[in-house]
């Protein structure tokens, strides 16, 4: 029981932070929160931090071993999951515009996957596939949401425009050029600031510290530019190669902080109510879609890893922040996505606990008493 409670720590914290935001909203009132000038900026910053953190944790050397599987997962996999979710969501919600939420919850949270790795019974190969999958599908999900949102918005009669959407409908080409420019600038900075082999001297320590400090400043500029101009693809690509050494020990806490801030904001927006029926249906459909797609995509892995990947659906900072970004244009988003995220994470915890216990039971060797044959089976010699 104690082990189960420890394993559910992430789930309890998520529920507590959501509840805190909701209680705060009932006391202070947050009806105009999405209309404030700071709202779209804050949402975009959280999204940029989450995307950078997702891709900066990818071990590229490990990813090369299953590159074909991973490419299939983050391209066809994301689209297939969204397509499987759409019919359930359409029946539950009733408004075609809200089918965009099928894409928003199709990603797997890399922060939760990282916490799962230490207690998972998956092979190292299976853990790598799940970790890289969860990191790469975040930017793909964000881009799909951004480019499909205007289409969904046109189907929502009377909806107001949303300045919080990651990419505005009339700036696709300009935004893509901005993404390219951001990556080029970051690559140039990486080239200039990378450590160089040289003879040891008394000033080497100060030089290394100065180089690391400038690297952090450059990263701050990258995040600010991505936030200001919606360059989410660019910041995700930058995370693949631009990794200041001073940032590595704190990237986990930074991502966790962004996640909890997003959860508080999600809770604050629940002041107008929750739609548990559509939300639970969306969460169940997202988990079911992962079971189908994960089992198919992991067909080259052994059975144990295939099951674990099929049960790997979790929602975290990206799904929450996408819900916040869509809320101004689609007013039912938070009311639906909040219970969906809770549903996905609860079902994930329960199914993975059952699977891990089954795996543990199968792998435990018999005790001497269990291995000794029963008296009725003992063959005694005559006399």
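The values are calculated or read from the model by the stated rules, or taken from the named source; none is laboratory data. For clarity, every value in this text was computed on a predicted model and none was experimentally measured. Please note: Cβ atoms are built from the backbone with ideal geometry, for glycine as well, and neighbour counts cover all protein chains shown.
For residue 106, indicate whether it is more than 19 Å from residue 128 (Cβ to Cβ), in contact (Cβ under 8 Å) with a residue 24 or more places away in the chain and outside any helix (DSSP H, G or I).
On the way: more than 19 Å from residue 128 (Cβ to Cβ): yes; in contact (Cβ under 8 Å) with a residue 24 or more places away in the chain: yes; outside any helix (DSSP H, G or I): yes.
Yes: the conditions hold for residue 106.
With respect to residue 256, is the statement that it is assigned to a helix (DSSP H, G or I) and at pLDDT 85 or above true? Here the answer is no, as residue 256 does not meet what is asked.
Among the residues of the stretch 302-316, how many are assigned to a loop (DSSP other than H, G, I, E, B) and surrounded by fewer than 21 Cβ atoms within 10 Å (Cβ to Cβ)?
In the first step, residues of the stretch 302-316 are kept if they are assigned to a loop (DSSP other than H, G, I, E, B); the result is 302, 311-316.
After this cut, where a residue has to be surrounded by fewer than 21 Cβ atoms within 10 Å (Cβ to Cβ) as well, the list is 302.
Final tally of qualifying residues: 1.
Assigned to a loop (DSSP other than H, G, I, E, B) and either touching a helix residue (DSSP H, G or I) at 6+ places or on another chain (Cβ under 6 Å) or under 27 Å from residue 242 (Cβ atoms) (or both): is that true of residue 121 in this structure?
Numbers: assigned to a loop (DSSP other than H, G, I, E, B): yes; either touching a helix residue (DSSP H, G or I) at 6+ places or on another chain (Cβ under 6 Å) or under 27 Å from residue 242 (Cβ atoms) (or both): yes.
The answer is yes for residue 121.
Only residues that are crowded, with 24+ Cβ neighbours inside 10 Å and within 14 Å of residue 272 (Cβ to Cβ) were counted in the stretch 331-340, giving 4.
For the stretch 133-163, which positions are modelled with pLDDT under 80 and touching a helix residue (DSSP H, G or I) at 6+ places or on another chain (Cβ under 6 Å)? Matches in the stretch 133-163: 135, 136, 150, 155, 156, 159, 163.
Would you confirm, using the coordinates I've provided, whether residue 99 is modelled with pLDDT of 85 or more, surrounded by fewer than 24 Cβ atoms within 10 Å (Cβ to Cβ) and touching a helix residue (DSSP H, G or I) at 6+ places or on another chain (Cβ under 9 Å)? Show your work before the answer.
On the way: modelled with pLDDT of 85 or more: yes; surrounded by fewer than 24 Cβ atoms within 10 Å (Cβ to Cβ): yes; touching a helix residue (DSSP H, G or I) at 6+ places or on another chain (Cβ under 9 Å): yes.
Yes; evaluated as a whole, the condition is true for this residue.
Only a single item in (1) at pLDDT 85 or above; (2) under 22 Å from residue 112 (Cα atoms); (3) in contact with a helix residue (DSSP H, G or I) (Cβ under 7 Å, 6 or more places away or on another chain) is not met by residue 222, and it is number (2).
Restricting attention to the stretch 349-367, does a residue exist that is surrounded by 21 or more Cβ atoms within 10 Å (Cβ to Cβ) and either under 17 Å from the mean Cα position of the chain (by Cα) or in contact (Cβ under 8 Å) with a residue 60 or more places away in the chain (or both)?
Taking the stretch 349-367 first, the residues surrounded by 21 or more Cβ atoms within 10 Å (Cβ to Cβ) are none.
No, because not a single residue in the stretch 349-367 is surrounded by 21 or more Cβ atoms within 10 Å (Cβ to Cβ) and either under 17 Å from the mean Cα position of the chain (by Cα) or in contact (Cβ under 8 Å) with a residue 60 or more places away in the chain (or both).
Answer yes or no as to whether residue 271 is more than 21 Å from the chain's Cα centre (by Cα) and surrounded by fewer than 22 Cβ atoms within 10 Å (Cβ to Cβ). Yes; evaluated as a whole, the condition is true for this residue.
Return the total of residues in the stretch 17-33 being surrounded by fewer than 15 Cβ atoms within 10 Å (Cβ to Cβ) and modelled with pLDDT under 85.
Taking the stretch 17-33 first, the residues surrounded by fewer than 15 Cβ atoms within 10 Å (Cβ to Cβ) are 19, 23, 26-29, 31-32.
Subsequent filtering for residues that are modelled with pLDDT under 85 retains 26-29, 31-32.
The number of residues fulfilling the criteria is 6.
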